[in-house]
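Have a look at the structure below, then the notes.
Here, each number is a calculation from the coordinates, and none is a lab measurement. On a predicted model such as this, the values are computed, not experimentally measured, just so you know. Virtual Cβ from ideal backbone geometry, glycine too; neighbours counted across all protein chains shown.
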Amino acid sequence: MRLTKHATSVGERWALDGRYLSADFRLTDLLKLSQDEIFAQLAGAVIGDSADSPLLPPIEATQEVWACGVTYLRSRDARQAESNVADVYERVYDADRPEVFFKSLGWRVRGHGQTVRIRADSSWDVPEPELTLVVNAHQEIIGYCVGNDMSSRSIEGENPLYLPQAKTYRGACALGPALVLGRELMLRTLPIGLTIIRQGDVVFNGATHVNKMKRESAELVTWLCRELDFPEGVFLMTGTGLVPDDSFTLQSGDHITITIGDLRLENMVSPPAMHTHLPSR
């Protein structure tokens, strides 16, 4: 089963396997249910015309996106290379407790075909392709989608306490193009790819696999929900195993394509917005 969200002439509409659901369908209502109730409801859903309008991010405005860091060896190595306190990342990679941080609210998320951004005050920026879990209010993984955890490596590398600024800003999170839903998701079998095209030329092309992630998806969900409730469900990015070389940084106009399994999320990098310098003290 696949859920997509669309921009229509009468407002936002969700679709199931390419056909519109009723106009009052909301993902927030669906994710309040248990896994069994979710798939029973979808199996009995009344579907309408073919969904042929533009895609929107497959998330509701009030839902939250969280993320995990340093779950792949490549991510640990990249963070050590960028940071003046590299041992922080080795410690979290080897620790029982994972790195978990808030990424975005749904209304800030960009979708397939929409633009993402790099910060005007950052000199080293990368996309981070991540398997993103769809979790219901009962802490059950009921689906996944592609996630792009845009990151300002120069800011995080200067000081790990700057992580919120490096990870959370306008245009820093993209999800899509669809939510793949299922009772038994073969998450460890999924390949991940990242391609970046600049002025018609491929400037980065890489691949990895979810089975290279050190932690299990269910383990990450357990840590996220240990002291938090998500009555409308939650999206959880699971970390990246693909990081471009240290010499690479995104530029305005770059075209980013992330594939996970047969899902394909594409975004263009828009120019950074001008920022106002604070007065010196």
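Listing ILE142, ILE59, ILE155 from fewest to most neighbouring C-beta atoms within 10 Å gives ILE155, ILE142, ILE59. Note on SER9 and ASP94: the extension gain reaches 25.6 nm, defined as 0.36 nm multiplied by sequence separation minus the Cα-Cα distance. When VAL135, VAL203, VAL180 are arranged by Cβ crowding within 10 Å, least crowded first, meaning fewest neighbours, the order is VAL203, VAL180, VAL135. Multiplying the residue separation of THR115 and LYS214 by 0.36 nm and removing their Cα-Cα distance gives an extension gain of 32.6 nm. Spacing of the modelled spin labels on MET268 and SER34, each 7 Å from Cα toward Cβ, amounts to 4.8 nm.
Given the -39500 (n - 2.57) contribution per DSSP H run of 4+ residues, what per-residue ellipticity at 222 nm results for the chain, rounded to the nearest 500 deg cm²/dmol? Calculated at 222 nm, the ellipticity per residue is -4500 deg cm²/dmol. Shape of the chain from the C-alpha gyration tensor: prolate (a/c of 1.5 or more and a/b above b/c, with a ≥ b ≥ c the square roots of its eigenvalues). Label separation (PHE248 vs PHE102): 3.1 nm, computed from points 7 Å beyond Cα along the C-beta direction. Pull out a ≥ b ≥ c, the square roots of the eigenvalues of the alpha-carbon gyration tensor of the range 164-281, then state rounded if a/c is under 1.5, prolate if not and a/b is larger than b/c, and oblate in the remaining case. The shape class here is oblate. Ranked for footprinting exposure by Cβ neighbours inside 10 Å, fewest first, TYR144, TYR162 give TYR162, TYR144. The relative contact order of the chain, computed from alpha carbon pairs under 8 Å that lie at least 6 residues apart in sequence, is 25 percent. Given the pairs LYS32/LYS167; LYS103/LYS214; LYS5/LYS32; LYS5/LYS212, which are separated by over 26 angstrom at their Cα positions? Beyond 26 Å: LYS32/LYS167; LYS5/LYS212.
Place a point 7 Å from Cα of ASP17 in the direction of its Cβ. Which residues in the range 166-190 have their backbone N less than 20 Å from it? Output list for this probe position: 177-186.
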